[in-house]
Amino acid sequence: MKDFNLLHTKLNRPRLPEHLVSRPRLVERLEQGEKRKLTLICAPAGCGKSILVASWLDSCSPSATWLSLDETDDDLDRFLSYLVAAIRTIFPDDCAETLNLLKAAADPPLEHLTTSLINDITALNQPLILVLDDYHHINEPAIHQFIRRLIDYQPAQMQLVVISRVTPPMSIARLRANRQILEIRPDDLRFSVAEARAFLDGFVGAA
């Protein structure tokens, strides 16, 4: 596979604003995602998706990784290189088997890659929250197939969080039917009266 020069700032979660509006009702909902395979935060730009998840992670005890995607990541090799790098920011000595596959001269079958990563994550024996931000940049079918298989055989200690402007092709209907998905949509992200007042108070106070 290709040897990519990775941009490490894409592995950092967003910096929280100075005047952050507390949203305990949504944070509480995100905490319920621990019992689901997928947590999906899906809404247009400017709805506060990434900031919400970043603020929730600040209060979480399990280890959490973050990967901010862009249009250059719509390539399976590159995507997987970043995915492993994100996990290794917390567990630097792990995912060795998957890393070796990524460095192999010949591209291994997709099933081998997903099996390897699932086994590597299972071997961690620790909670892991994996956040994929701006997933709407991904259109490559092989990446979607990889994520669907990861969800199907997801290790029990892992929680996958996907942030996107559009609903990704991840068998959402089946996950809903099996109650394996937590969804936060635009209606959920709208400010309540109290939240809007807190936002305006912070804005005026900062002026």
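The table that follows gives values for the structure above.
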| item | result |
| --- | --- |
| Pick from the stretch 16-70, criterion closer than 19 Å to residue 170 by Cα and acidic (Asp, Glu), ranking: most open to solvent (accessible area, probe 1.4 Å) | 34 |
| Which numbered condition residue 56 misses (of (1) without any contact (Cβ under 8 Å) to a residue 60 or more places away in the chain; (2) under 18 Å from residue 196 (Cα atoms)) | (2) |
| Residue within the stretch 151-160 that is open to solvent by 40 Å² or more (accessible area, probe 1.4 Å), aromatic (Phe, Trp, Tyr) and assigned to a loop (DSSP other than H, G, I, E, B) present | yes |
| Within the stretch 129-150, considering residues that are under 17 Å from residue 98 (Cα atoms) and open to solvent by less than 10 Å² (accessible area, probe 1.4 Å), the one nearest to the chain's Cα centre (by Cα) | 130 |
| Pair list, Cβ < 6 Å and 6+ apart or interchain, from the stretch 92-119 residues that are open to solvent by less than 20 Å² (accessible area, probe 1.4 Å) to residues that are in a loop (DSSP other than H, G, I, E, B) and hydrophobic (A, V, I, L, M, F, W, C) | 102/1 |
| Which numbered condition residue 11 misses (of (1) hydrophobic (A, V, I, L, M, F, W, C); (2) modelled with pLDDT of 95 or more; (3) crowded, with 20+ Cβ neighbours inside 10 Å) | (3) |
| The one condition in (1) in contact with a Gly (Cβ under 7 Å, 6 or more places away or on another chain); (2) in a helix (DSSP H, G or I) that residue 39 fails to fulfil | (2) |
| Search result, residues across the stretch 170-196 that are open to solvent by 20 Å² or more (accessible area, probe 1.4 Å), closer than 26 Å to residue 153 by Cα, not in a helix (DSSP H, G or I) and not hydroxyl-bearing (Ser, Thr, Tyr) | 178, 179, 180, 183, 185 |
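The values are calculated or read from the model by the stated rules, or taken from the named source; none is laboratory data. Worth saying up front: this structure is predicted, and the values here are computed from it rather than measured. Cβ sites come from the backbone with ideal geometry, for glycine too, and all protein chains shown count toward neighbours. Keep in mind that these areas ignore ligands, DNA and RNA; they rest on the heavy atoms of the full protein, side chains included. Shrake-Rupley method; radii C 1.70, N 1.55, O 1.52, S 1.80 Å.
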